[in-house]
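Some notes on the structure that comes next.
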Amino acid sequence: MTGSSIDFDNLNMEKGFSSHGSYSLSKLCNAMHAIELAERMKKRHPHITVNTLDPGTVNTKMLLAGWGMCGIDVERANNQFNLATDTS
């Protein structure tokens, strides 16, 4: 499994599990879901916008436990708020 493909016969990663691979797969599936939803909404409700984002590397408890401090502070990770409230 790489970060750019999905093994549909191993979605639960019973074979070859890795925490990084699992995280990457979840981000890829999230983006694919948003793309599909946007396509469906465009046909039925063209005024609705569908967004997805990856906040980047944020020093969450999970990141700190697995890799140490290598991202931005949680207090600076406000991408979700900006995405949800931007009117453009």
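A few notes on this one:
- Residue in region 12-32 that is touching a residue at least 12 places away in the same chain (Cβ under 8 Å) and charged (D, E, K, R) present: yes
- Look at region 72-86: where a residue is on the phi > 0 side of the Ramachandran plot, no partner that is part of a loop (DSSP other than H, G, I, E, B) sits 6+ places away or on another chain with Cβ atoms under 8 Å.
- Lone unmet requirement of (1) at pLDDT below 90; (2) open to solvent by 80 Å² or more (accessible area, probe 1.4 Å); (3) of a type in the set (D, E) for D73: (2)
- Taking residues in region 50-61 that are open to solvent by 60 Å² or more (accessible area, probe 1.4 Å), and partners anywhere that are in a strand (DSSP E or B) and among the aliphatic types (A, V, I, L, M), the pairs with Cβ atoms closer than 9 Å and at least 6 places apart or on different chains are T57/I72.
- For region 12-28, the set of residues classified as surrounded by 14 or more Cβ atoms within 10 Å (Cβ to Cβ) and touching a helix residue (DSSP H, G or I) at 6+ places or on another chain (Cβ under 8 Å) consists of M13 only.
- For first residues located in region 34-46 and closer than 19 Å to L83 by Cβ, partners that are surrounded by fewer than 14 Cβ atoms within 10 Å (Cβ to Cβ) and among the aliphatic types (A, V, I, L, M) and lie 6+ apart or on another chain with Cβ distances below 7 Å form the pairs M41/I48.
- Filtered by the rule that a residue be under 21 Å from A31 (Cα atoms) and either open to solvent by 90 Å² or more (accessible area, probe 1.4 Å) or among the aromatic types (F, W, Y) (or both), region 76-86 gives Q80, F81, D86.
- Of all residues in region 29-49, exactly one satisfies the criterion of being more than 17 Å from the chain's Cα centre (by Cα) and open to solvent by less than 60 Å² (accessible area, probe 1.4 Å), namely M41.
The values are calculated or read from the model by the stated rules, or taken from the named source; none is laboratory data. If you're wondering where the values come from, they're calculated on a predicted model, not measured in any experiment. Positions of Cβ are backbone-derived with ideal geometry, glycine not excepted, and every protein chain shown enters the neighbour counts. Remember, those area values only see protein heavy atoms, side chains included, never the ligands or the DNA or RNA. Shrake-Rupley method; radii C 1.70, N 1.55, O 1.52, S 1.80 Å.
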